[in-house]
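Nothing in this text is a laboratory measurement; each read-out follows from the coordinates by a stated rule. No experiment lies behind these values; they were computed from the predicted model shown. Using ideal geometry, Cβ is built from the backbone for each residue, glycine included, and neighbour counts are taken over all protein chains shown.
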Amino acid sequence: MPPATNVAVIGGGILGLATARELLLRNVKGVTVLEAESKLGSHQTGRNSGVIHAGIYYAPHSLKAKLCLEGLHKTYQYLEKNNIPHKRVGKLIVALDDSELPELHRIFVNAQENAVPEIRLVDAGGIRDIEPECSGIAAIHSPLTGVVDWGLVADHYAQDIRNLGGEILTSARVIGVNCNDTITLNYKTGDKVSTLSTERVISCAGLQSDRVAQLLDGLRAPQILPVRGEYLRVTNPHIVKRIRGNIYPVPDSGTGTPFLGVHFTPTMSGELIVGPNAVLAFSRAGYRPLDFSLRDMKDMLSYPGFWHLARRFWRYGAAEFYRSIFLSAATTAAQRYVPVLKSSDFERRGAQFSGIRAQALGLKGELVDDFVFETAADGRVLHTRNAPSPAATSSLSIARMIVDKSLSS
Ligand SMILES: Cc1cc2nc3c(=O)[nH]c(=O)nc-3n(C[C@H](O)[C@H](O)[C@H](O)COP(=O)(O)OP(=O)(O)OC[C@H]3O[C@@H](n4cnc5c(N)ncnc54)[C@H](O)[C@@H]3O)c2cc1C
């Protein structure tokens, strides 16, 4: 029996959708996206900071550095062509005192090596020219950094897929795979189990990517560590109007984490948000602080990498928990950048906006920094194993790379 589809893409987040769209644009016929949830983009894609990153921090020559820069240009072209609302609001990475200057300069040199367009160093006066309410002694200014609603971008990719003749199945959770001459996927919709046969599979399963990889002949490691990011919102309308762009701290290199630190971001819906923090989640869909999944906790606690990580990062983790529980601890850090703000000018943004990062964790407790893609079954299967931020910005370039890789094998 011939396969019912030529390529099955698992995951209807921004990466799965961008990949399916790219396949169709290259005239691959028979492309089907299977998404477990009833709505596309329900996880990381619909729950992030909405920043269009310019590629400043990533290690030179890494996939993140290359694909972010390519993705930045492709994203702006796509947004403009499709009239998707977005703003090039720019970004400042702000040093508050002398102790942060060496790291600020290191990041600036790194950004130059990555050929990030239009960046420059500014002094205290330059900061105030760009953001009059922001305090600091020096900053990197990236005018090309922007904001967009990534969920809306994903919806546009989905519309492109439908227009190009692709199929999207929602409420279709892949639960089993059989790799023979053709590949057979079993997926569940409610209680009903259906089967789809295909020649190739590309998996972009986000927070479940390690589990889907195991179904598809992959290894358990690296395992996904769910790291929740919660946001505050600034309620003072005067300040919301006065902050024009993104304000980021100099990341504390001492933490050894890939997280960029809590930042101010003006959203497309007109809010000024502050976040995300980085709190260990007890469930891969644990958007509220007390959400708990026995299966997710069992997987986490039985993974050797988790215990290595816990030994190294327990202080950092505990501090993030503390700031998550006590609002005043979270606002104190933000107030250093915009001193006019009072504690009463912030409120929690709520669990409906929090996001959970799918952060790959190695067996020795290393937080995998770069994007990771793996192939299996003689190249007929491609797994996305690590695609945290800036993967939304990089979605079009990741899709380009995945499809190049997939079609060449
Ligand atoms: C708090 C936070 C802030 C961020 N900020 C930014 C930012 O400002 N800029 C930026 O560029 N990036 C940002 N990111 C990163 C970005 O959101 C993600 O890298 C990107 O959305 C990843 O897309 P994805 O498609 O891989 O994952 P997801 O959006 O998580 O999609 C994976 C999909 O796979 C589905 N799935 C899982 N298992 C199965 C299965 N068995 N069968 C079928 N479907 C399945 C899931 O339901 C899900 O819809 C942020 C992320 C977070 C969490």
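Results, tabulated for the structure shown:
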item	result
Residues LYS364, LYS74, sorted so that the one with the fewest Cβ neighbours within 10 Å comes first	LYS364, LYS74
Candidates SER283, SER328, SER197: whichever shows maximal mean-square fluctuation once the chain is modelled as a Gaussian network with Cα springs under 10 Å	SER328
³J(HN,Hα) computed for each position of region 162-172 - Karplus, 6.51 cos²θ - 1.76 cosθ + 1.60, integer Hz, glycine/proline x	5, 5, 8, x, x, 10, 10, 9, 9, 6, 10
Given charges at beta-carbon only (K, R positive; D, E negative), |dipole| of the chain in Debye	560 debye
Efficiency of FRET from Cβ geometry, SER293 and VAL109, R₀ 56 Å, rounded to 0.05	0.85
ARG400, ARG244 arranged by Cβ crowding within 10 Å, fewest neighbours leading	ARG244, ARG400
Using θ = phi - 60° and Karplus 6.51 cos²θ - 1.76 cosθ + 1.60, couplings along region 370-376 (whole Hz; Gly, Pro as x)	8, 4, 10, 10, 10, 10, 8
Among ARG21, ARG233, ARG357, residue whose mean-square fluctuation peaks in a GNM of the chain (springs only between Cα atoms under 10 Å)	ARG233
Cα-based helix-to-principal-axis angle, 101-113 vs the chain, degrees rounded to 10	40 degrees
Degrees, to the nearest 10: 63-81 long Cα axis against longest axis of the chain	90 degrees
Most fluctuating residue given options ASP97, ASP345, ASP369, as computed from a GNM of the chain linking Cα atoms under 10 Å	ASP97
Likely footprinting exposure, VAL240, VAL94, fewest C-beta neighbours within 10 Å first	VAL240, VAL94
Packing-based ranking, highest mean first, of 348-356, 137-145, 319-327 given that Cβ atoms within 10 Å are counted	137-145, 348-356, 319-327
Pairwise FRET efficiency - ARG336 versus LEU363, Cβ, R0 = 22 Å, nearest 0.05	0.05
Relative intensity, log₁₀ I(q)/I(0), of the chain from a Debye sum that treats every alpha carbon as a point, q = 0.08, 0.12, 0.13 Å⁻¹	-0.42, -0.96, -1.12
Degrees between helix 395-408 axis and first principal axis of the chain (Cα, 0 to 90, nearest 10)	30 degrees
Phi to ³J(HN,Hα) by Karplus 6.51 cos²θ - 1.76 cosθ + 1.60 over region 143-158, Hz, x for Gly, Pro	x, 7, 5, x, 9, 7, 8, 5, x, 5, 4, 4, 4, 5, 4, 4
Above-threshold pairs, the threshold being 27 Å between Cα atoms, out of LYS39/LYS192; LYS188/LYS405; LYS298/LYS364; LYS64/LYS241; LYS91/LYS364; LYS29/LYS188	LYS188/LYS405; LYS64/LYS241; LYS91/LYS364
